[in-house]
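The values are calculated or read from the model by the stated rules, or taken from the named source; none is laboratory data. Please read all numbers here as calculations on a predicted model, not as lab measurements. When we count neighbours, we look across all protein chains shown, and the Cβ atoms used for this are built from the backbone with ideal geometry, even at glycine. Calculation scope for accessible area: heavy atoms of the full protein, side chains included, ligands and nucleic acids excluded. Shrake-Rupley method; radii C 1.70, N 1.55, O 1.52, S 1.80 Å.
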Amino acid sequence: MLDQLALDEVIRRRIDPGTSETSWLLDHDYLARAVREADRRANRWQRALADGAKTLAGAGDSWPRSWRALLPPTTQLRFLWDRLRGRFRYGEHRRYAAKSLQRFAPIMVILLSVAAAGWEWGRVRAEERLARSAEDILNGLEFEQGKVAESDAKALLRLASAANEVRQHALMLVLTNQDRARVFVREPEMVVRAIAGVSPQFRDWAKLCLGSVAGLSASRPETTVAASKAALLLGRPEALTLHWYLATIESTKDPEALRTVAEALKVFAATLDDGRAKDAAGPFLAAIKSTSDPNALEALAEGLGALPVKLSDRQAKEAIEPFLDALKETSIKPPAFKALAEGLKALPVKPDDSQTRELVKQFLAITKGGASGSDLKALGAGLKAFTTTLSESQASDAVAPLLTAMQSTKNPSELQVLAEGLGALPAKLTDSQAQEAVEPFLAAIWGSTNPYTLQTLAEGLSALPVKLSDTQAKEFAEPFVVALSSNTGSLLTRDLGAAVEALPARIEVIKPLLAAMNSNTDPFSQYALGSGMRGIAKLGEDQAMELVEPFLTAIEASINKGIANHIALEGLVAAFGALPARLDDRQAQETIRLFVRESQQASHPSTLPVELKVMPAKLDAQPGSGGRGTLALRDPRRDRPLYALGLGCWNRSAPDRAQR
């Protein structure tokens, strides 16, 4: 072929003079350009790689020149296509080709950005759909006035049947949204049941949810209460970290929120092992020393008291001093005293004798400061919480100041509070101290016919750790008899009934009240009297037996007054049914005679309450009749009085039924 090209004058032979080697040259120079172009086209990728590699090597440290020396993305795609088809190989320029892949980076960034934007857009749209679904369901929850309306029930059913994602979103809303949390805390148990059900997996997810809530600010009382209640109901109080509890107590001033946090904190503290409990004691003590708010101190004390750890003497001193300092404040109010007293009770350390005397002194000063109503109740609750923690010697020291305070006041509410505190002391009163405790009540009750005053004094007297003498019991009952005869109307007599129920269960008290039934003409007063005397269930059987005949006399007198007196009879029967006495045969027959007589003349279906329990009796015959059939009992479905009587007979013990 070379020879033919030589004949065609395309190429010519050349012999090297030095080496005698033969080489071929183009016969004419203008043919070189065509050959070179043909070679370039045949090996264009190799030449492109070689030229690019040479340019990159000459770029040095210049980043722009190096970037321009890399193969363009379109060229690289063509290289890849020919490589896949086997038309060429990268060969020695493989490294250069690999470096040129950097030119795809901007394109990849753009594509990824577009993809991320699309994914985010889809996620936001999905979140919006979930949020709308959760919001729509929660909008149906109101729980107005503490009631679950039909609309609330429907919303709870929708929530329970919603997808997991919707329920998860609903939980986050009630924990973080102030308005949703306010509705949630009205019925938290129902809402948590609807959201979490009994699924352990969902409760584990809820733990993560609570953990994320713990990282948020806890300055809003509504969300604080919601998080605490949810943690308790879900059984995950540990999800709200110790730091969250302490920070919440430090930043929250709302008493209700602090009480709820304290409940969850106690459960959380009790779950800590010994090592973690010791580590937690330090932050608790630091938080106690850094606050003077009574409610916060109470919450911290309950949490510290729940820790399974024993404090050192130094730690005990650090824990109790803030409480004592707060109690010494001259401006302290009864609710604050109650909170501090409850906190002292919860602490794992107790005040010494001098501290106890100071606390009693402070309590008496607050009592004399004009407190009344709910404030006095708060004082009483605080004093009872405090006194139950005292040792016997400390309690004995506290008796005298309380008795002195009782002797110097005629305020029924103050007497009740002081009596409750005295009754809570783990100390036994001497005879003289018992007499001193009773005298203020006897002095205060005379001349009073106000039902509220009588009820307050009766409750206070029943709280005293003393036993009335027969004379004292009679003296205490007389004002109640007078009050019952001078007060009429359902509202007043209702309060009188509550006052009577608080009276000591003594024959000397009950007999005068029963006698008043025969002379009283107001059915509401008689009903209040009878209902209030249900406290006689505390009597012993011997004492109760003495009251059977007076009760039967009073019942017959009430029946003789006619059907208009059925209200009074119902109250009296309620008390008779509570009487812990076993009737003999004659008394049982007399009871049956009276109630059968009442049922035969009664038109009111509820004369006899189902509480009536007739004691063991022979029901073979009605007195004066020939046998069982002559009782002439009416259909119990239409005759509720006899139905009640039958229930009373059946509600006896099994041996009694066997006897019958």
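Looking only at segment 172-228, which residues are surrounded by 17 or more Cβ atoms within 10 Å (Cβ to Cβ) and in a loop (DSSP other than H, G, I, E, B)? Listed by number, the residues that qualify are N177, V185, R186, E187, A218, R220. If you filter segment 251-307 down to residues that are at pLDDT 85 or above, of a type in the set (G, A, S) and within 26 Å of R182 (Cβ to Cβ), you find that the one that is nearest to the chain's Cα centre (by Cα) is A264.
Listed by first and then second residue, the pairs with beta-carbon distance under 7 Å, at least 6 apart or on different chains, first residue in segment 460-475 and over 10 Å from V438 (Cβ atoms), second aromatic (F, W, Y) and crowded, with 16+ Cβ neighbours inside 10 Å, are G460/F441. Taken over segment 266-290, the criterion of being part of a loop (DSSP other than H, G, I, E, B) and open to solvent by 30 Å² or more (accessible area, probe 1.4 Å) is satisfied by T271, D273, S290.
Candidates are the residues of segment 318-338 that are among the charged types (D, E, K, R), in contact with an Asp or Glu (Cβ under 9 Å, 6 or more places away or on another chain) and within 20 Å of P255 (Cβ to Cβ); the one that is least open to solvent (accessible area, probe 1.4 Å) is K338.
G571 fulfils the conditions (1) modelled with pLDDT under 75; (2) surrounded by 20 or more Cβ atoms within 10 Å (Cβ to Cβ); (3) out of contact with any Phe, Trp or Tyr (no Cβ under 7 Å at 6 or more places or on another chain) except for a single criterion, (3). The set of residues in segment 133-154 that are surrounded by fewer than 17 Cβ atoms within 10 Å (Cβ to Cβ) and touching a Leu at 6+ places or on another chain (Cβ under 9 Å) comprises E135, G140, V148, S151. With respect to (1) open to solvent by less than 60 Å² (accessible area, probe 1.4 Å); (2) outside any helix (DSSP H, G or I); (3) of a type outside the set (V, I, T); (4) touching a residue at least 24 places away in the same chain (Cβ under 8 Å), the lone exception for A160 is condition (2).
Checking each residue of segment 302-317 against the condition of being open to solvent by 40 Å² or more (accessible area, probe 1.4 Å), β-branched (V, I, T) and over 30 Å from E459 (Cα atoms) gives no match.
Among the residues of segment 250-290, those that are among the acidic types (D, E) and under 17 Å from L340 (Cα atoms) comprise E250, D254, E256, E263. For L233, indicate whether it is open to solvent by 40 Å² or more (accessible area, probe 1.4 Å), touching a residue at least 24 places away in the same chain (Cβ under 8 Å), aliphatic (A, V, I, L, M) and closer than 17 Å to V174 by Cβ. In short, yes. Where helices (runs of 4 or more DSSP H) fall entirely within segment 329-428, those with at least 2 residues that are polar (S, T, N, Q) and within 34 Å of the chain's Cα centre (by Cα) are at 353-367, 374-387, 412-424. Counting only helices (runs of 4 or more DSSP H) that sit wholly inside segment 499-566, those with at least 3 residues that are modelled with pLDDT of 70 or more are 507-519, 541-560.
Applying the criterion of being under 23 Å from I536 (Cβ atoms), open to solvent by less than 10 Å² (accessible area, probe 1.4 Å) and among the polar types (S, T, N, Q) to the residues of segment 588-611, the residue that is modelled with the lowest pLDDT is T607.
Results for (1) open to solvent by 40 Å² or more (accessible area, probe 1.4 Å); (2) touching a Phe, Trp or Tyr at 6+ places or on another chain (Cβ under 8 Å); (3) assigned to a helix (DSSP H, G or I), shown as yes or no for each residue.
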| site | (1), (2), (3) |
| --- | --- |
| R83 | yes, yes, yes |
| G86 | yes, no, no |
| R89 | yes, no, no |
| Y96 | no, no, yes |
| V109 | yes, no, yes |
| A131 | no, no, yes |
| L156 | no, no, yes |
| R167 | no, yes, yes |
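Please indicate, with yes or no, whether at least one residue in segment 331-346 is without any contact (Cβ under 8 Å) to a residue 40 or more places away in the chain and in contact with a helix residue (DSSP H, G or I) (Cβ under 7 Å, 6 or more places away or on another chain). Scanning segment 331-346 turns up at least one residue that is without any contact (Cβ under 8 Å) to a residue 40 or more places away in the chain and in contact with a helix residue (DSSP H, G or I) (Cβ under 7 Å, 6 or more places away or on another chain).
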